[in-house]
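Q: Pasting a structure below so you can have a look.
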2 protein chains.
Amino acid sequence: MAEDLKSLIRDIPDFPVEGILFRDITTLLKDGAGWKRAVDAIYERFKDARIDKVVSIEARGFLLGGVLAYKFGCGTVPLRKPGKLPWEKLSESYDLEYGSATIEMHRDAVDEGDRVLVVDDLLATGGTARAAANLVEKAGGEVIAVAFLIALTDLEGAKLLDKYEVFAVINY
Amino acid sequence: MAEDLKSLIRDIPDFPVEGILFRDITTLLKDGAGWKRAVDAIYERFKDARIDKVVSIEARGFLLGGVLAYKFGCGTVPLRKPGKLPWEKLSESYDLEYGSATIEMHRDAVDEGDRVLVVDDLLATGGTARAAANLVEKAGGEVIAVAFLIALTDLEGAKLLDKYEVFAVINY
């Protein structure tokens, strides 16, 4: 199945900078059958995991976060870049290749003991997803797994997430 | 129904600037039953409208865009801030209270004759949604309606969208 879905991903050389092969998911997203199969692949894997919250990461992660929460019948939690959330926040910084970045979550977004699935579109170095998992744990939640549409396995992002089950619909 | 869902919205005075009452949707999003009812309200309204694509606006609009496309069995198209999309783009600028902003869409995201639902979390002045509808039309698509979780009716954003059906789950 993943091989079929791979044919819906558009490869863009030298984006955003020279030497990077960008995996463009918009060609999968716009294909109704492809989008359904990608969502269902994650849903089927975790439908018996008693998920209480789906936490997703700004911005493309939200495409998955809303639909998976709906399918599980649970709530969805958006993690955002600094300054976007209006209420009391937890925040977590992580290293990028150059410099660092920060993501934020409302302090009341996850309840003590919540079983949480963290989702994003792409697993690269794993820094963002690890920061998201840390935020969930700061709030007292339990990270059941981290799921992606695509994993770039060469970058070994799963190492940074080795405390958790890591699942990707498509692996490169 | 909208009155029940209103009780899940958190009012935050003076955010992002003094004098603005911010309608925080994260308290609705994290409520599984509330999220399901909000999504179903839009789905029920347009389920017989033969929607071919759901176009949503970065970032919170993506929460709705992914799930509604899944429900309709069609593709989802993310409109993004400048510089984020990797392939050939159409772009549209619109006025803000101070200055202007631009959103972009891949040139191949919408096909000639596609019946499109545009979705976002919040209707305020309508500028962003109008720019989104313009992009859909530039690509040859037909905007069937524009749907929101919340409409701030005092700001009269629907006037800028008067060519289209406008639907909001919650009206203030």
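Only the coordinates and a few stated rules stand behind these numbers; no lab work does. No experiment lies behind these values; they were computed from the predicted model shown. Positions of Cβ are generated from backbone atoms using ideal geometry, with glycine treated the same way; all protein chains shown enter the neighbour counts.
Q: Among the listed residues B:K81, B:K89, B:K47, identify the single one that is more than 23 Å from B:H106 (Cβ to Cβ) and over 14 Å from the mean Cα position of the chain (by Cα).
A: On the way: B:K81 fails: more than 23 Å from B:H106 (Cβ to Cβ); B:K89 fails: more than 23 Å from B:H106 (Cβ to Cβ).
Residue meeting the stated conditions: B:K47.
Q: Just for segment B:75-101: of the residues that are in contact with a Phe, Trp or Tyr (Cβ under 8 Å, 6 or more places away or on another chain) and free of Cβ contacts under 8 Å to residues at least 24 places away in the same chain, which one is surrounded by the fewest Cβ atoms within 10 Å (Cβ to Cβ)? Give the derivation first.
A: First, pick out the residues of segment B:75-101 that are in contact with a Phe, Trp or Tyr (Cβ under 8 Å, 6 or more places away or on another chain): B:75-76, B:78, B:86, B:100-101.
The next check asks that each one be free of Cβ contacts under 8 Å to residues at least 24 places away in the same chain; those that pass are B:75-76, B:78, B:86, B:100.
Numbers: B:G75: 27, B:T76: 28, B:P78: 27, B:P86: 20, B:S100: 10.
Looking at residues that are in contact with a Phe, Trp or Tyr (Cβ under 8 Å, 6 or more places away or on another chain) and free of Cβ contacts under 8 Å to residues at least 24 places away in the same chain, I get B:S100.
Q: Determine which single condition A:A59 fails, assuming it passes every other condition in (1) in contact (Cβ under 8 Å) with a residue 12 or more places away in the chain; (2) assigned to a loop (DSSP other than H, G, I, E, B); (3) within 29 Å of B:D111 (Cβ to Cβ).
A: Against the list (1) in contact (Cβ under 8 Å) with a residue 12 or more places away in the chain; (2) assigned to a loop (DSSP other than H, G, I, E, B); (3) within 29 Å of B:D111 (Cβ to Cβ), A:A59 comes up short only on (1).
Q: Taking segment A:58-100, which residues are charged (D, E, K, R), out of contact with any Lys or Arg (no Cβ under 8 Å at 6 or more places or on another chain) and farther than 15 Å from A:A38 by Cα? Please lay out each step first, then the result.
A: Step one: filter segment A:58-100 for residues charged (D, E, K, R), giving A:58, A:60, A:71, A:80-81, A:84, A:88-89, A:92, A:95, A:97.
If we keep only those that are out of contact with any Lys or Arg (no Cβ under 8 Å at 6 or more places or on another chain) too, we end up with A:60, A:80-81, A:84, A:95, A:97.
Within segment A:58-100, A:R80, A:K81, A:K84, A:D95, A:E97 qualify.
Q: Filtering segment B:1-60 down to residues that are farther than 20 Å from B:K71 by Cα and of a type in the set (S, T, N, Q), which residue is farthest from the other protein chains (Cβ to nearest Cβ)?
A: So the residue we want is B:S7.
Q: How do the strands (runs of 3 or more DSSP E) wholly within segment B:68-112 filter down when requiring 1 or more residues that are at the interface with chain A (Cβ under 8 Å from one of its Cβ atoms) and either out of contact with any strand residue (DSSP E or B) (no Cβ under 9 Å at 6 or more places or on another chain) or not aliphatic (A, V, I, L, M) (or both): which remain?
A: Values: elements: B:75-79, B:89-95, B:100-106.
Because the criterion is at least 1 residues that are at the interface with chain A (Cβ under 8 Å from one of its Cβ atoms) and either out of contact with any strand residue (DSSP E or B) (no Cβ under 9 Å at 6 or more places or on another chain) or not aliphatic (A, V, I, L, M) (or both), the strands (runs of 3 or more DSSP E) in segment B:68-112 that meet it are B:75-79, B:100-106.
Q: Could you please give the count of residues in segment B:135-172 that are in contact with a Gly (Cβ under 7 Å, 6 or more places away or on another chain), in a helix (DSSP H, G or I) and over 25 Å from B:F22 (Cα atoms)?
A: Number satisfying all stated conditions: 0.
Q: Additional query: On the basis of being within 18 Å of A:C74 (Cα to Cα), in contact with a helix residue (DSSP H, G or I) (Cβ under 7 Å, 6 or more places away or on another chain), of a type in the set (A, V, I, L, M, F, W, C) and at the interface with chain A (Cβ under 7 Å from one of its Cβ atoms), does B:L63 make the cut? Break it down stepwise before answering.
A: Working: within 18 Å of A:C74 (Cα to Cα): yes; in contact with a helix residue (DSSP H, G or I) (Cβ under 7 Å, 6 or more places away or on another chain): yes; of a type in the set (A, V, I, L, M, F, W, C): yes; at the interface with chain A (Cβ under 7 Å from one of its Cβ atoms): yes.
Yes, satisfied.
Q: Can you name the number of the only condition in (1) over 17 Å from A:C74 (Cα atoms); (2) out of contact with any Ser or Thr (no Cβ under 8 Å at 6 or more places or on another chain); (3) surrounded by 13 or more Cβ atoms within 10 Å (Cβ to Cβ) that B:E3 fails?
A: The single condition B:E3 does not satisfy is (3).
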